[in-house]
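**Student:** Following this message is one structure expressed as structure tokens.
The values are calculated or read from the model by the stated rules, or taken from the named source; none is laboratory data. As the structure is a computational prediction, the values presented were derived from the model and not from experiment. When we count neighbours, we look across all protein chains shown, and the Cβ atoms used for this are built from the backbone with ideal geometry, even at glycine. The protein model used for the area step is the full one, side chains on, heavy atoms only, and it has no ligands, DNA or RNA in it. Shrake-Rupley method; radii C 1.70, N 1.55, O 1.52, S 1.80 Å.
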Amino acid sequence: DLAPRERGRPGSGVAIQVLLAKEETAWVIGKRGSKINKLREFAKVNVNDADMPPFSILEIGGAALSELVHVLKMLLGDMMVRAEAGNTTRFLVPAAHMEAVVGAGGETIRRI
């Protein structure tokens with residue numbers, strides 16, 4: 001496991017955004033913010049309302065890429081234990097990065 005982040009340390013400049021349904025958002029935050037505070041030990045994690053209700057956007061940033069991926073793995077692992085867990089995860093990808101995600105001839109996206 002990674003050590004909790006040091007406040008004020010520069011991040012990677014990368015942010016991961018996950019689109020969550022309202023009930024998923026409540027699960028991620030946890031009672032009295034217990035779950036989201038655990039994630040915040042490793043990276044800056046914020047939840048904001050999306051422009052398309054009933055969704056929220058969870059943004060993970062402000063840390064090294066390895067820490068962002070660690071937080072994402074923690075998040076996905078926790079979401080999989082939900083009784084109502086689905087088999088769909090929604091990521092928001094900036095248009096400028098879509099080509100890299102899809103890959104040549106769709107090769108990368110097929111591997112995902």
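**Student:** If I take R0 = 22 Å and measure r between the Cβ atoms of Phe91 and Glu41 in this structure, what FRET efficiency does the formula 1/(1 + (r/R0)^6) give, to the nearest 0.05?
**Tutor:** It comes to 0.45.
**Student:** Using square roots of five times the C-alpha gyration tensor eigenvalues, list the equivalent-ellipsoid semi-axes of the chain in whole Å, biggest first.
**Tutor:** Equivalent ellipsoid of the chain: 23, 20, 14 Å, largest first.
**Student:** Within the chain, what's the longest stretch lacking GluC sites (Glu not before Pro) that sit in DSSP loops with no more than 10 other Cβ atoms inside 10 Å?
**Tutor:** That gives 7-83 as the longest site-free run.
**Student:** Okay, helix-only estimate at 222 nm for the chain: each DSSP H run of n ≥ 4 adds -39500 (n - 2.57), divide by all residues, round to 500 deg cm²/dmol; what do you get?
**Tutor:** -9500 deg cm²/dmol
**Student:** Going by accessible area, probe 1.4 Å, with all protein chains left in place, what is the ranking of Val81, Val93, largest first?
**Tutor:** Descending accessible area places them as Val81, Val93.
**Student:** Using a 1.4 Å probe, how large is the accessible area of Leu92, given in Å² and rounded to the nearest 10?
**Tutor:** Surface accessible to solvent at Leu92 totals approximately 50 Å².
**Student:** Taking only protein heavy atoms and a 1.4 Å probe, what accessible area per residue, in Å², does the chain have with all protein chains in place?
**Tutor:** Working: 7480 Å² over 112 residues.
I get 67 Å² per residue for this part.
**Student:** Report the local net charge at Thr88: Lys and Arg +1, Asp and Glu -1, summed over other residues whose C-beta lies under 14 Å from its C-beta.
**Tutor:** Charge balance near Thr88 sits at -1.
**Student:** Ordering Lys44, Lys31, Lys73 from largest to smallest accessible area (1.4 angstrom probe), what's the sequence? Kindly include the intermediate steps, with their values, before the conclusion.
**Tutor:** Details: Lys44 110, Lys31 175, Lys73 145 Å².
Result, largest first: Lys31, Lys73, Lys44.
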